[in-house]
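Visitor: Pasting a structure below so you can have a look.
The values are calculated or read from the model by the stated rules, or taken from the named source; none is laboratory data. The model shown is predicted, which means the values in this text are computed figures rather than measured ones. Neighbour counts are summed over all protein chains in view; Cβ atoms, including those assigned to glycine, are modelled from backbone coordinates with ideal geometry.
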Amino acid sequence: MKKIIVTGGLGFIGSNLIDLLIKKNFHVINVDKATYSSNDYNVKEFKTSKKYKFIKLDIKNKRFEKVLFEYKPHGVFNLAAETHVDRSIDNPDSFIQSNIVGVYNLLESFKNFSKTNKSKLIHISTDEVYGDILNGRSSENYPYQPSSPYAASKAASDHLVSSYVRTYNLPAIVTNCSNNYGPKQHPEKLIPKLIYNILNNKPLPIYGKGTNSREWIYVKDHCEALIKVFLKGKIGEFYNIGSNKNMNNLEVTRELLNSSKKLVKIGNKVKINFVKDRPGHDIRYALNSNKIKKKLGWKPKTKFSKGIKLTLNWYFKNRSYYNALSKKDIVNRLGKG
């Protein structure tokens, strides 16, 4: 049975990836430092599985190298990262530490490990490194123009990985994905926050006029793509992963409301509430994902209308998920600048 290390596996994408890897008969070691966005609830269904092990550890810690040599994974998926743009506006330091210094230590550790062990590193990044894409869609050759401290820290980590491939022949691949949604996502992010507010009869806060456009992909489609990249991707390459489906925040909110009405009674306070936009807010992200489709034969399977119903169903059936989180992390407005 092949062993895989997933860093940041208590988080949203990481826990969904672990679920899929276990179902595909991989043995998974989850390395996570367990911060506010980590949640044991996300791994409760496979906590007792013989194919799963959890190690509480920050990737900045030098002990990470010992974990590599002890478990000798066939692959490492790096999802350990600070991810919320609003938090990066309020406190950039943790983003620099996790997304740059942490990745540097991971690369040094993996460099030493891969000298004597055959393995592959998949570094998961974001479409936000490309900045505002007002027209068209950004391919892998598009210049990096990050707008927020978060996006800049992810851009730096991508460049670090790429430099280690070039300088040290590190067996690594970088993926850049669009906005994910689905089960187990922390409610600091748009969709789970709106669902929380719908469930709790609260107004639905939307930045500016709600016209900011994002490309949305169901998390399990993203995870399928990551495994495809691990199995078939070419070392040193970058792969965009997207759905080719853009929606602005107002469209997302209306879709959520319409789908929610079929599942629960909507309270009288559940109304769209426009709030002051965050500083430097990009207008539009949009990826060109032709490369992964043509080279690796991957394409997304889940339409937004179906994915949002699956997402709503999960949160409605798992309301205790919110209880495992600090209430201030759910309701506080961040990123005012």
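Visitor: Quick check on my filter: what residues within the stretch 120-141 are in a loop (DSSP other than H, G, I, E, B) and in contact (Cβ under 8 Å) with a residue 40 or more places away in the chain?
Guide: Gly131, Asp132, Ile133, Leu134, Gly136, Arg137, Ser139, Glu140
Visitor: Now for a separate question. Under 9 Å by Cβ, and 6 or more places apart or on different chains, what pairs join a residue from the stretch 147-167 that is more than 20 Å from Asp90 (Cα to Cα) with one that is aromatic (Phe, Trp, Tyr) and buried (at least 24 other Cβ atoms within 10 Å of the Cβ)?
Guide: Partner pairs satisfying both residue conditions: Tyr164/Phe110.
Visitor: Every residue in the stretch 50-95 that is in contact with a helix residue (DSSP H, G or I) (Cβ under 8 Å, 6 or more places away or on another chain), of a type in the set (A, V, I, L, M) and more than 10 Å from Tyr150 (Cβ to Cβ), please.
Guide: Ile55, Leu57, Ile59, Leu68, Val76, Leu79, Ala80, listed by residue number.
Visitor: Moving to a separate point now. So if I check each of Glu45, Glu108, which one is modelled with pLDDT under 95 and surrounded by fewer than 20 Cβ atoms within 10 Å (Cβ to Cβ)? Give the derivation first.
Guide: On the way: Glu108 fails: modelled with pLDDT under 95.
Every option except Glu45 fails the conditions.
Visitor: Out of the stretch 122-163, which residues are hydroxyl-bearing (Ser, Thr, Tyr) and crowded, with 21+ Cβ neighbours inside 10 Å?
Guide: Within the stretch 122-163, Ser125, Thr126, Tyr130, Ser138, Ser148, Tyr150, Ser153, Ser157 meet the criteria.
Visitor: Run Glu140 past the list (1) of a type in the set (Asp, Glu); (2) closer than 22 Å to Leu231 by Cα; (3) at pLDDT below 95 and report the number of the one that doesn't hold.
Guide: Looking at each condition in turn, Glu140 falls short on (3).
Visitor: Give Asp282, Asp221 a once-over and let me know the one that is in contact with a Lys or Arg (Cβ under 7 Å, 6 or more places away or on another chain) and of a type in the set (D, E, K, R).
Guide: Details: Asp282 fails: in contact with a Lys or Arg (Cβ under 7 Å, 6 or more places away or on another chain).
Sole residue among the options that is in contact with a Lys or Arg (Cβ under 7 Å, 6 or more places away or on another chain) and of a type in the set (D, E, K, R): Asp221.
Visitor: How about the stretch 286-337: which of its residues are hydrophobic (A, V, I, L, M, F, W, C), modelled with pLDDT of 95 or more and not in a loop (DSSP other than H, G, I, E, B)? Talk me through it step by step, then tell me what you get.
Guide: The first filter runs over the stretch 286-337 and keeps only residues hydrophobic (A, V, I, L, M, F, W, C), leaving 286-287, 292, 296, 298, 304, 308, 310, 312, 314, 316, 324-325, 330-331, 334.
Within this subset, residues satisfying the condition of being modelled with pLDDT of 95 or more are 286-287, 292, 296, 298, 304, 308, 310, 312, 314.
Across the stretch 286-337, the qualifying residues are Leu287, Ile292, Leu296, Phe304, Ile308, Leu310, Leu312, Trp314.
Visitor: Got at least one residue in the stretch 260-272 being out of contact with any Gly (no Cβ under 6 Å at 6 or more places or on another chain) and either part of a strand (DSSP E or B) or under 21 Å from Thr126 (Cβ atoms) (or both)?
Guide: The answer is yes, given that some residue of the stretch 260-272 is out of contact with any Gly (no Cβ under 6 Å at 6 or more places or on another chain) and either part of a strand (DSSP E or B) or under 21 Å from Thr126 (Cβ atoms) (or both).
Visitor: Which of the residues belonging to the stretch 34-48 are within 16 Å of the chain's Cα centre (by Cα) and not hydrophobic (A, V, I, L, M, F, W, C)?
Guide: Thr35, Tyr36, Ser37, Ser38, Asn39, Asn42 - these are the residues of the stretch 34-48 that are within 16 Å of the chain's Cα centre (by Cα) and not hydrophobic (A, V, I, L, M, F, W, C).
Visitor: Restricting attention to the stretch 195-207, which residues are among the polar types (S, T, N, Q) and touching a strand residue (DSSP E or B) at 6+ places or on another chain (Cβ under 6 Å)? Outline the logic, then answer.
Guide: Residues of the stretch 195-207 among the polar types (S, T, N, Q): 197, 200-201.
Scanning the stretch 195-207 gives a single hit, Asn197.
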